[in-house]
1. Any idea what the relative contact order of the chain is, in percent, if you count C-alpha pairs under 8 Å spaced at least 6 apart?
2. Test of the criteria: in segment 182-254, which chymotrypsin sites (Phe, Trp or Tyr not before Pro) are in a DSSP loop and have at most 15 other Cβ atoms within 10 angstrom of their Cβ?
3. Report, as a whole number in µm² per second, the diffusion coefficient that Stokes-Einstein gives for segment 188-288 at 25 °C and 0.890 mPa s using the Kirkwood radius over alpha carbon pairs.
4. When you take every Cα atom in segment 1-99, what is the radius of gyration, and what is Dmax, the widest Cα pair distance, in Å?
5. Where in the chain are the helices, taken as whole DSSP H runs, whose Cα atoms extend 20 angstrom or more along the long axis and whose Kyte-Doolittle mean reaches at least -1.0?
6. Over its Cα atoms, what ratio of radius of gyration to 2.2 N^0.38 Å does the chain give?
7. Among residues other than residue 284 whose Cβ falls under 14 Å from its Cβ, what is the net charge (Lys/Arg +1, Asp/Glu -1)?
8. In the structure shown, do any of 3/59; 59/179; 3/46 have a Cα-Cα gap over 24 Å, and if so which?
Amino acid sequence: MAKLDLLVVSPSLTDRMQDALAEKFTLHWLAKEADQQSWLAENGAKFAHVLTDGHWGVKPDIMQHLPNVKVISCYGVGYDNIDAADCAARGVVVTHTPNVLNAEVANTAILLWLATARRLVRDDAFVRSGAWLNGGAPLTRSVENRKVGILGLGRIGEDLAQRLAIFSPEISYHSRNEKPGVSYRYYPKLIDMARDVDVMFCITPGGAATHHIVNRDVMEALGPDGTLINVGRGTAVDEAEMVKALQDGRLGNAGLDVFEAEPKVPEALFAMDHVTLLPHVGSATVETRMAMGDLSVNNLLQFLTDGTTISPVPECQNL
Ligand code: A2R
């Protein structure tokens, strides 16, 4: 049987994903086209199936050339770079990879908190530079018995809350809606939670609703001894204000896996040892990326079989 055409928006895929897709699809790599807009104008109409990731999404300049698209599979849980509401209105199913990455992203959040509080990077450099020969490293701050606020107690946030239990924290959370059946304290206002906690974990989706939700006032409420950990989306934090607050000591510390204009990171952060930086690797282990890859591929394959998908985004669940 002739293979179907698959538009791949991500510049790369794992070998395992390519092998699984190759049985049914001919892969067309958008990133290999020198003039993507002209190529899409000529070829876009032939694609009913699209594979992308959370970073690249399917932005309007691509979407406008896909009049016949039926399904978009996103390799990642965040899909803020795809207009899912518009897709749903057009009958286009968007899928993503929830749950299979909860543990990994929660672990990354804890890693960032421990590394930041205990100055892992600073003290590693301290040993390597030979500075230890002249005396011990300065003291750090404990992660035990802290007041912890979770901004976004969703799938990942709940997993994080459970994993944090070994540090005997007092956990609270903020989201738009109070979660039924949850014992953690709910704050209807983010700023009130920020004022009360020692560390705030940000695990919300990106997009307009959360844009700069962590603003200057929230960071000042977190305060000079407070720590901000962000593993959700860079756009949720006002990055310019965060840099200033960290410089002035109005915000104590930060552990960041995500940034507003990735892979660009404000250079002012590079010299700060009260900040720990990661290159958006929250889910980036071999095991978890394999699970995400399998789910992204299987969403497409199931769609070919019976028109349904395993994990459509909420906007597309009734299609
Ligand atoms: O607001 P709610 O009740 O829908 O709670 C969700 C919360 N959230 C928000 N909180 C405050 N203000 C907002 N504007 C807002 N929008 C959403 O974020 C919920 O507690 C949480 C998202 O949870 P899930 O949808 O289960 O997402 P998951 O799988 O935990 O992943 C979170 C994000 C992804 O979208 C990627 O951006 C990143 O983590 O990997």
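1. It comes to 18 percent, rounded to a whole number.
2. Within segment 182-254, no chymotrypsin sites (Phe, Trp or Tyr not before Pro) qualify (loop, at most 15 other Cβ atoms within 10 Å).
3. 181
4. Over segment 1-99's Cα set, Rg and Dmax evaluate to 12.8, 38 Å.
5. 102-117, 286-306
6. 1.09
7. Charge balance in the 14 Å sphere: -4.
8. Values: 3/59 26 Å; 59/179 32 Å; 3/46 13 Å.
The pairs that break the limit, which is 24 Å between Cα atoms, are 3/59; 59/179.
The values are calculated or read from the model by the stated rules, or taken from the named source; none is laboratory data. Just so we're clear, the structure is a prediction, and the values are computed from it rather than from any experiment. When we count neighbours, we look across all protein chains shown, and the Cβ atoms used for this are built from the backbone with ideal geometry, even at glycine. Calculation scope for accessible area: heavy atoms of the full protein, side chains included, ligands and nucleic acids excluded. Shrake-Rupley method; radii C 1.70, N 1.55, O 1.52, S 1.80 Å.
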